[in-house]
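FYI, it's all coordinate maths here, none of it is from the lab. What you see is a predicted model, and the numbers here were worked out from it, not measured in a lab. Because the Cβ atoms are built from the backbone with ideal geometry, glycine has one as well, and the counts that use them run over all protein chains shown.
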Amino acid sequence: YTVEVLTDNQDGKLLPYLAIMLPSSMVALYLPAVLLDVPMLGSPWLLVVITAWLIAILTVVGTGVSALLGDALQTTEVFAVVAMPSYLLSGYTWPTFAMPPGLQVASYALPLSPYVMAVRRITLQNAGLEYLGPQILALGIWSGVALLVGYLGAWRLPRLARHKEATPSASLGTPRFA
């Protein structure tokens with residue numbers, strides 16, 4: 001039963017996110033090449049696969065955390081707190097090697113870091129799959145984390161629905177802080 005909920009829930013979220021985010025990501029990645037003549041050296045298909053993989057990881061983690069927390073406002077607050085350090089520490093805004101050693105270690109624990117490193121290697125250094133071992137390993141670990149969080153969220157979802165049905169005040173829209 002739980003696996004069905006996970007599959008239905010993730011397919012319902014993942015496919016629209018991929019359909020919207022993948023083309024827009026590719027436009028954003030290739031716009032500098034078109035407008036500014038910045039060379040894009042690597043394989044476009046490898047870039048598409050890595051980008052789709054990151055979108056899938058983030059969608060499954062987001063859906064799982066949302067189901068675990070059970071409150072849209074609380075989920076938004078959690079991800080707002082996580083998003084800023086992710087952009088600052090991932091190597092997106094400045095290179096990881098320029099960060100203090102403690103922040104370098106923290107940056108490797110984020111799912112965006114291996115993606116940013118892989119995109120740099122693919123687009124600027126013409127790196128193929130054989131040169132992306134550490135990034136693929138890190139994204140693979142994040143895939144496992146995403147599946148675990150997604151599974152736990154899917155496990156909690158029917159229990160949360162039953163709890164809300166059993167609590168009459170929850171369905172009346174009573175304020176949380178009343």
Completion exercise
With 0.36 nm assigned to each residue of separation and the Cα-Cα distance removed, Leu137 to Tyr17 gains 40.8 nm
Completion exercise
Residue span Leu35 to Val82: 0.36 nm per residue of separation minus Cα-Cα distance leaves a gain in nm of 13.7 nm
Practice task
Multiply the residue gap between Trp94 and Leu73 by 0.36 nm, knock off their C-alpha separation, and tell me the result in nm, one decimal place.
Solution key: 4.5 nm
Exercise for the section: Output ³J(HN,Hα) for the stretch 62-71: one whole-Hz value per residue in order, computed from phi by the Karplus curve 6.51 cos²θ - 1.76 cosθ + 1.60 with θ = phi - 60°, and x for Gly and Pro. Expected result: x, 5, x, 5, 4, 5, 5, 6, x, 9
Practice task
Report the label-to-label distance for Leu148 and Leu103 in nanometres (one decimal), using points 7 Å from each Cα along the Cα→Cβ vector.
Solution key: 2.8 nm
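Order 89-98, 32-41 from most to least packed using the mean count of other Cβ atoms within 10 Å. Walk me through the numbers on the way to the answer.
Working: 89-98: 14.8, 32-41: 10.8.
Highest-to-lowest ranking by the protection proxy: 89-98, 32-41.
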